[in-house]
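The values are calculated or read from the model by the stated rules, or taken from the named source; none is laboratory data. Computed from a prediction, not measured in an experiment: that's the story for all the values here. A quick note on method: Cβ atoms are made from the backbone with ideal geometry, for glycine too, and the neighbour counts reach across all protein chains shown.
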Amino acid sequence: MGTLNSNNNAQILPKFNPLDPEQFRNQAHQMTYPVLSQVEPGYLRTQLPQNAPNRPESFESIMKDVQNHIVPGMTHWLSPNFFAFFPATVSSAAFLGEMLCNCFNSVGFNWLAELEMIVMDWLANMLKLPKTFMFSGTGGGVLQITTSEAILCTLIAARDRKIENLGLDYIRKFVIYGSDQTHSMYTKACKVAGIFPCNIRAVPTSIESDFALSPAEFDIWFHVDAAYGGSAGKCPEFRQYLYGIERANSLSLSPHKWLLSYLDCCCMWVREPNVLVKALSTNPEYLRNKRSEYDSVFKSLRLWFVMRSYGVANLQSHIRSDVLFDAVVPRCFSLVCFRFSPNKEHELGYTEFLNKKLLDSVNSTGRIYMTHNIGATFTEDRHVISTWKLIKETTNALLRESVF
Ligand SMILES: Cc1ncc(COP(=O)(O)O)c(C=O)c1O
């Protein structure tokens with residue numbers, strides 16, 4: 001028989017502290033992994049058996065191997081200390097949307113699905129894309145997996161349109177131009193699309209001309225790869241980076257890079273959806289029925305969840321929290337000279353007005369006092385970090401109130 005005598009327990013057990021900071025620190029340290037994988041390629045082969053098990057294994061034993069062999073071989077893209085390639089964004093809304101997609105496990109046969117059309121138009125509206133890219137206008141968009149896939153589909157549509165006009169023999173003469181700043185996947189996509197490697201050109205660009213190309217002078221299919229930066233276009237102050245988009249034939253942007261969505265998610269809009277559909281459609285007998293034609297592709301659920309859960313205002317703040325400030329001159333000694341600069345096209349006087357407004361708001365909190373520099377005898381990193389946080393919070397609050 002057990003006993004209810006609490007005095008007995010008190011003698012046996014050490015003092016119970018559910019949130020012991022020292023114990024937490026020790027345990028948390030044991031959970032940390034290097035951000036960059038520390039193993040050599042091929043290491044996993046030496047750790048795992050050569051064949052799949054014949055009999056089922058327990059969940060615990062699988063998880064043990066995940067912990068001991070898989071995780072150490074990973075590079076942790078979600079670590080706050082990961083500063084490589086591009087940010088792999090994440091959010092609880094996207095996670096839930098993903099879970100829901102997995103639960104339904106729906107096979108979306110028809111890619112022109114209703115929710116997808118709505119989501120693509122929502123995002124197009126946020127970015128203020130011309131109606132020529134929207135289903136509510138004369139164009140439309142489709143969700144792809146990656147930018148590589150979007151570029152490949154675009155190339156195939158552009159290629160087939162030309163083949164239709166000129167004939168198949170001309171494929172040997174098709175030339176693809178990209179700026180010399182273009183991501184390397186473009187060369188790969190050209191090769192997959194059957195473009196001869198000698199016909200893939202990298203056009204030199206320079207900082208003096210802002211790395212610009214002028215494709216609209218020629219009768220060519222003009223695609224804009226806005227994989228990372230495109231998401232910023234939903235903030236009016238960054239819309240300038242999409243100026244001229246009405247001259248493009250297609251545009252792609254990856255919400256998994258800067259729009260709080262999970263990998264893989266790439267949005268692609270085209271001015272002439274029929275050209276894309278014609279190039280990529282198949283029409284097998286088993287899909288020629290009403291159900292398949294209107295079935296929904298659940299991939300779009302993920303993006304729909306993100307947009308609905310956060311709203312445009314929060315999605316804008318997410319972008320703004322990263323890129324609203326300029327270092328006006330290089331730092332010298334402890335003098336840091338920066339300014340709030342949401343739109344590079346503002347008159348200098350207006351930028352000064354914005355900065356004064358921001359400075360007054362920050363100082364009116366009473367938490368800090370700033371004039372034109374940072375630093376006092378007892379200032380430590382933590383003070384600078386909390387000051388910066390306050391500046392960013394105040395900026396976002398002012399932007400939300402449309403003070404600017
Ligand atoms: C501008 C740009 N284009 C294309 C890519 C390749 O994207 P994905 O891996 O989705 O094919 C990237 C990835 O970093 C990118 O930044």
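Brief remarks on what is shown
- Here G194 passes the criteria (1) touching a Leu at 6+ places or on another chain (Cβ under 7 Å); (2) more than 16 Å from the ligand (Cβ to nearest atom); (3) in a loop (DSSP other than H, G, I, E, B) except the one numbered (1).
- Meets criteria (within 16 Å of the ligand (Cβ to nearest atom) and modelled with pLDDT of 95 or more) for I151: yes
- Residues in region 218-274 that are under 19 Å from G311 (Cα atoms) and acidic (D, E): E237 only.
- So S148, is it in contact with a helix residue (DSSP H, G or I) (Cβ under 8 Å, 6 or more places away or on another chain) and over 29 Å from F85 (Cα atoms): no
- Among (1) in the same structural domain as L115 (by TED's automatic domain parsing); (2) over 30 Å from P49 (Cβ atoms); (3) without any contact (Cβ under 8 Å) to a residue 60 or more places away in the chain - the single one P80 does not satisfy: (1)
Table: residues versus (1) over 17 Å from R271 (Cα atoms); (2) among the aromatic types (F, W, Y); (3) surrounded by fewer than 19 Cβ atoms within 10 Å (Cβ to Cβ); (4) not assigned by TED's automatic domain parsing to the domain that holds H256.
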{"position": "W122", "(1), (2), (3), (4)": "no, yes, yes, no"}
{"position": "G139", "(1), (2), (3), (4)": "no, no, no, no"}
{"position": "C153", "(1), (2), (3), (4)": "no, no, no, no"}
{"position": "Y170", "(1), (2), (3), (4)": "yes, yes, yes, no"}
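- Residues that are closer than 27 Å to S309 by Cα and surrounded by fewer than 10 Cβ atoms within 10 Å (Cβ to Cβ), drawn from region 50-80: P80
- Restricting attention to region 242-276, the residues being within 15 Å of the ligand (Cβ to nearest atom), of a type in the set (S, T, Y) and at pLDDT 90 or above number 4.
- Pairs where the first residue, in region 173-185, is under 18 Å from T147 (Cβ atoms) and assigned by TED's automatic domain parsing to the domain that holds I156 and the second is within 10 Å of the ligand (Cβ to nearest atom) and part of a loop (DSSP other than H, G, I, E, B), C-beta under 9 Å, 6+ apart: H183/A227; M185/T146
- D180 within 16 Å of the ligand (Cβ to nearest atom) and farther than 14 Å from W269 by Cα: yes
- Failed item, numbered, when V66 is tested on (1) part of a helix (DSSP H, G or I); (2) β-branched (V, I, T); (3) touching a residue at least 12 places away in the same chain (Cβ under 8 Å): (3)
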